[in-house]
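As structure tokens, the structure follows; a few thoughts come after it.
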Amino acid sequence: MEPTFMLIRGKSPALKAAAISALGEGQRALCMFRIMYDHSYKSAAEYYAWISYLLDQPGYWSGVLEGVRFFADTAMLELLEQTRERLAARNVSLGVGWGDAGLMDIGADEKLLEMVTGLYVHFQQIAPHSLSLIADYIRAHPEEFVEISG
């Protein structure tokens, strides 16, 4: 996946979309999961800000959910949907959009901090299972992910 990440890091949305769409189904699922996971796992604030960012970018949230479904990760799928629903309800009550979210928000909003911390703790609890499902798939289908040159 690293060559793909090198191609899309810091590039335009159109270039990112083209590179991701050129991947095989398993590679695309892994790519979208990693886009979400790699940016979300370090802290509750990053989880909140990155989930909001993915929801704000056309095609990204649906791509993440498709990736999670591809690996049959129902626990992560349920958590991500719950996260979206709870954050969407907050956004509606405050009259803000996904693009208004920022890393510092949870430090200024006690209710948001409590909500996101609970979601993030659950994310941390189920992520090892997600990674295990992905690893099992890759081991069962190495030809989709590894190019062996002789």
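The values are calculated or read from the model by the stated rules, or taken from the named source; none is laboratory data. Everything numeric here is computed off the predicted structure, so don't read it as measured data. Glycine also receives a Cβ, built like all others from the backbone with ideal geometry; neighbour counts cover every protein chain displayed. In case anyone asks, the SASA skips ligands and DNA or RNA and just uses the protein heavy atoms, side chains included. Shrake-Rupley method; radii C 1.70, N 1.55, O 1.52, S 1.80 Å.
What the table shows:
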{"item": "Listed residues 108, 128, 77: farthest to the positive end of the dipole of the chain (Cβ charges)", "result": "108"}
{"item": "Rounded accessible area of residue 50 (nearest 10 Å², 1.4 Å probe)", "result": "60 Å²"}
{"item": "Theoretical ellipticity at 222 nm over the chain - DSSP helices of four or more residues, -39500 (n - 2.57) apiece, nearest 500", "result": "-24000 deg cm²/dmol"}
{"item": "Surface share of carbon and sulfur [accessible, 1.4 angstrom probe, percent] for the chain", "result": "57 percent"}
{"item": "For the stretch 108-124 versus the stretch 31-95, the gap between their alpha-carbon centres in whole angstrom", "result": "14 Å"}
{"item": "Label-reachable residues, the stretch 98-121, where backbone N falls under 19 Å from a point 7 Å from residue 81's Cα toward its Cβ", "result": "119-120"}
{"item": "Where 39, 141 fall by accessible area, highest first, once all protein chains stay in place (1.4 Å)", "result": "39, 141"}
{"item": "Residue 145 accessible area, assembled protein chains, probe 1.4 Å, Å²", "result": "50 Å²"}
{"item": "Point-charge dipole on Cβ atoms (K/R +1, D/E -1) for the stretch 49-133, about Cα centre, debye to 20", "result": "100 debye"}
{"item": "FRET efficiency, residue 91 to residue 121 (Cβ-Cβ, R0 22 Å, nearest 0.05)", "result": "0.55"}
{"item": "With DNA, RNA and ligands ignored, accessible area of residue 92 (1.4 Å probe; Å², nearest 10)", "result": "120 Å²"}
{"item": "Solvent exposure ordering (accessible area, 1.4 Å, most first) of 100, 73, 109", "result": "100, 109, 73"}
{"item": "Gaussian network model of the chain, springs between alpha carbon atoms under 10 Å - residue of 36, 76, 104 with greatest fluctuation", "result": "104"}
{"item": "Contact order relative to length of the chain, as percent, for alpha carbon pairs under 8 angstrom and 6 or more apart", "result": "26 percent"}
{"item": "Exposure ranking of 85, 143 by accessible area [1.4 Å probe, largest first]", "result": "143, 85"}
